[in-house]
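For reference, the structure discussed in these notes is given below.
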Amino acid sequence: MPEGDTIFRAARTLNRALGGQVVTKFDTQLPKLARVDYDTPITGRTVENVEAAGKWMRMYFSGDLILVTHMLMSGSWHIYRPGERWQRPRIQMRVAIYTEPFVAVAFQVPIAEFHTASTLARHASVQRLGPDVLADDFDPAAVIAQLRSRPDLEVGVALLTQSLVAGLGNVFKSEVCFASRVNPFRTVGTLSVEELAALLRHARKFMQANVTDSAGEGIVTYTGMRRTTGRSDPSERLWVYKRRGEPCRVCGTAILSRKQGLDARTTFWCPECQRL
Ligand SMILES: [Zn+2]
């Protein structure tokens, strides 16, 4: 699943490419979107802004219309010059927005909806989002208070609960716990305020580190190159994620992994550095 940093970067790239541009053509394979386009055409509207909200991306068009997409596992946004060959087959296209300088194409996005400002405000999934860990006004104290209202949640589950804190995915969940030396199977209620603060500090630091390297001009808006160790060797870029059985980079103990939570997302940790 793309993490919040990926969505954030995709939104920023799309905003740079399309922001302020007039839509010259709109194409979609999704009947509900086509219906909206038929009733209230997208062509001729201006792309006012593109922003990330947790794992959701919102594209604002003039005339109170907002395209909301969620990438889930498979979706991605690409940006092309007009006439440039797409890197995915046309059959995977769900939405294509043409402007004079650029074409933005969403491939295999499983969720794509049009909203107005008022329907978006009522949109449950979006509304339920907690503070975005990448937001400029991110307030750790408020999130700590939210987390402490759910003392029985395991830390590894809490960090993925988007209504508590939005943006973290499965890779950073394990990495943030390791960096904070917190066992991901501890419950939130057993953590000190300092430990909770350390989790949020690392969450923000890792996410920010993964959005500052410029996406550059061009296509793919996602990347598999997340990095938390600060090491330049590509094989050493993560502390524990997908390193089951390999030695801990700090103490040498073999890394463990186990499925966690109702969604059974795999969690990785060092039993020595992150004691229960
Ligand atoms: Zn260790």
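The values are calculated or read from the model by the stated rules, or taken from the named source; none is laboratory data. Remember, predicted model here, so these are calculated numbers, not experimental data. Reconstructed Cβ throughout: ideal geometry from the backbone, glycine too, with neighbour counts over all protein chains shown. We work out accessible area using only protein heavy atoms, side chains counted, and drop any ligands, DNA or RNA first. Shrake-Rupley method; radii C 1.70, N 1.55, O 1.52, S 1.80 Å.
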| request: Summarise the long-distance tail of P(r) for the chain by giving the % of C-alpha pairs beyond 23 Å. | output: 55 percent
| task | Mind putting a number on the dipole of the range 26-99 about its Cα centre? Charges go on the C-beta only, +1 for Lys and Arg and -1 for Asp and Glu, and I need it in Debye to the nearest 20. | result | 340 debye
| request: On a 0 to 90° scale, report how tilted helix 170-179 is relative to the longest principal axis of the chain, with both axes built from alpha carbons and the result rounded to the nearest 10. | output: 40 degrees
| field | Helical contribution to [θ] at 222 nm, DSSP H n ≥ 4, -39,500 (n - 2.57), averaged over the chain, rounded to 500 | value | -8000 deg cm²/dmol
| task | Net charge near R243: determine it from the other residues with C-beta under 12 Å of the C-beta of R243, scoring Lys and Arg +1 and Asp and Glu -1. | result | +1
| query | How much area per residue is accessible in the range 1-78 when the probe is 1.4 Å and only protein heavy atoms are counted (Å²)? | reply | 40 Å²
| field | T43, T13, reordered so the largest accessible area comes first (probe 1.4 Å) | value | T43, T13
| query | To the nearest 0.05, how large is the calculated FRET efficiency for R88 and L256 if R₀ is 35 Å and r is the Cβ-Cβ distance? | reply | 0.45
| request: Work through the residues other than D139 whose Cβ is under 12 Å from its Cβ and net out their charges, Lys, Arg +1 and Asp, Glu -1. | output: -2
| message | Cross-link candidates for K259: which aspartates and glutamates have Cα within less than 17 Å, leaving aside residues fewer than 8 places away along the same chain? | response | E154, E175
